[in-house]
Amino acid sequence: MCGVAPSLRRRSVVDPTALASAVEKAFAADTDLDYWGAIRYAEAAGQVVETIAALVRQGEAAHAVPLFERASELLGLAQQRADDTAGCLDDLQARVRSGLDEARAFSIDR
């Protein structure tokens, strides 16, 4: 987008259906997570959390709620099988729950 002011650039629209698949992929842990595995998991899943939060910002909070709920559920299962001494999965769970609370608030208000 050469020559276009940053403030005029379009934001990409998030597709809730495609995002549901991304949640399943990023948050499902088929094996135990060692220390570094937990960190990599949190980094990858954190990007998906940011994308779900974008749904809320684009006025699709009602679509974000089930995605945050599923992410939290899968993350909880992964936490049971992970070495989270770095605390990154706990931090990620806090971000997911915060996003869920915000999405629920916005889906009720509108």
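The values are calculated or read from the model by the stated rules, or taken from the named source; none is laboratory data. Quick caveat, the model's predicted, so the values are computed rather than measured. Cβ: placed from backbone, ideal geometry, glycine included. Neighbour counts: every protein chain shown. The area values use the complete protein model at the heavy-atom level, side chains included, leaving out ligands, DNA and RNA. Shrake-Rupley method; radii C 1.70, N 1.55, O 1.52, S 1.80 Å.
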(message) I need the full set of residues from the stretch 53-92 which are touching a Phe, Trp or Tyr at 6+ places or on another chain (Cβ under 6 Å) and closer than 16 Å to residue 27 by Cα, in order please.
(response) 71, 74, 75, 83
(message) So if I check each of 64, 54, which one is hydrophobic (A, V, I, L, M, F, W, C), surrounded by 20 or more Cβ atoms within 10 Å (Cβ to Cβ), part of a helix (DSSP H, G or I) and in contact (Cβ under 8 Å) with a residue 24 or more places away in the chain?
(response) 64
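Take residue 7 and tell me if it is part of a helix (DSSP H, G or I), modelled with pLDDT under 95, surrounded by fewer than 12 Cβ atoms within 10 Å (Cβ to Cβ) and hydroxyl-bearing (Ser, Thr, Tyr). Before the answer, list the steps.
Details: part of a helix (DSSP H, G or I): yes; modelled with pLDDT under 95: yes; surrounded by fewer than 12 Cβ atoms within 10 Å (Cβ to Cβ): yes; hydroxyl-bearing (Ser, Thr, Tyr): yes.
So residue 7 fits the description; yes.
Can you find, within the stretch 19-51, the residue that is nearest to residue 96 (Cα to Cα) among those that are of a type in the set (D, E, K, R) and outside any loop (DSSP other than H, G, I, E, B)?
Keep residues of the stretch 19-51 that are of a type in the set (D, E, K, R), which gives 24-25, 30, 32, 34, 40, 43, 50.
After this cut, where a residue has to be outside any loop (DSSP other than H, G, I, E, B) as well, the list is 24-25, 40, 43, 50.
Values: 24: 14, 25: 16, 40: 17, 43: 13, 50: 9 Å.
Going through the qualifying residues, I end up with 50.
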(message) Every residue in the stretch 75-110 that is touching a residue at least 24 places away in the same chain (Cβ under 8 Å) and charged (D, E, K, R), please.
(response) 81, 83, 84, 91, 95, 97, 102, 104, 110
(request) Consider residue 72 carefully, then state whether it is assigned to a helix (DSSP H, G or I), in contact with a helix residue (DSSP H, G or I) (Cβ under 8 Å, 6 or more places away or on another chain), open to solvent by less than 50 Å² (accessible area, probe 1.4 Å) and touching a residue at least 40 places away in the same chain (Cβ under 8 Å). (result) no
(message) Quick check on my filter: what residues within the stretch 12-39 are open to solvent by 30 Å² or more (accessible area, probe 1.4 Å), closer than 28 Å to residue 86 by Cβ and not small (Gly, Ala, Ser)?
(response) 24, 25, 30, 31, 32, 34, 35, 36, 39
